[in-house]
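This report refers to the structure that appears directly beneath it.
The values are calculated or read from the model by the stated rules, or taken from the named source; none is laboratory data. All values reported here derive from a predicted model rather than from experimental measurement. Neighbour counts run over all protein chains shown; Cβ positions are idealised from the backbone, glycine included. What goes into the accessible areas is simple: the full protein's heavy atoms, side chains included, and nothing from ligands, DNA or RNA. Shrake-Rupley method; radii C 1.70, N 1.55, O 1.52, S 1.80 Å.
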Amino acid sequence: EFNSAQLTAQARQVLDQLSGALRSQELAGSRILIEGHTDTVGGAEYNFGLSEQRAEAVGRYLASQQVDPSRLQVLGKGENEPLDRDGTAAVNRRVRVVNLGT
């Protein structure tokens, strides 16, 4: 959502599936990086803070689903890595989850 770090119902459904996978024996030892991103609307400093809030919201939700928080690293990336050319599209408002391995 624009200017928001609130998880949507659809996001919670995806995170429920992710938390199940992260609790599996196959991924139980993996460290997970959670990157928050924004579009380029607004100031860079504000967007950096918003991206951190987005990553933190995902981390809190995963921890609430019994994923060990010590395995989770949250990182705000701001508007620095847009997926579209001009940086303003909704696709840039996202959280990326990366398996860092063991």
Cα long-axis angle, helix 44-64 against the chain (0 to 90 degrees, to the nearest 10): 20 degrees
Residue-wise HN-Hα coupling along region 27-39, computed from phi with Karplus coefficients 6.51, -1.76, 1.60 (Hz; x: Gly, Pro): 10, 4, x, 6, 8, 10, 9, 10, 9, x, 9, 9, 7
Share of carbon and sulfur in the accessible heavy-atom surface of the chain [1.4 Å probe, %]: 48 percent
Residue-span extension gain [T88 to V41] - 0.36 nm each, minus C-alpha spacing: 16.3 nm
Cut-off under 5 Å, modelled amide H: who pairs with T88 long-range: T40
CD proxy at 222 nm, helix term only [per DSSP H run n ≥ 4: -39500 (n - 2.57); per residue of the chain; nearest 500]: -12000 deg cm²/dmol
Mean separation of Cα contacts under 8 Å (6+ apart) over length of the chain, as relative contact order %: 39 percent
Degrees between helix 9-23 axis and first principal axis of the chain (Cα, 0 to 90, nearest 10): 40 degrees
Whole-number accessible area per residue in Å² for region 58-102, which is evaluated in the context of all protein chains at 1.4 Å: 62 Å²
Share antiparallel - DSSP beta bridges, the chain, percent rounded to 5: 60 percent
Label-point separation in nm, S4 to N99, each point 7 Å along Cα→Cβ: 3.1 nm
Difference of contour (0.36 nm per residue) and Cα-Cα distance, E81 to R12: 22.5 nm
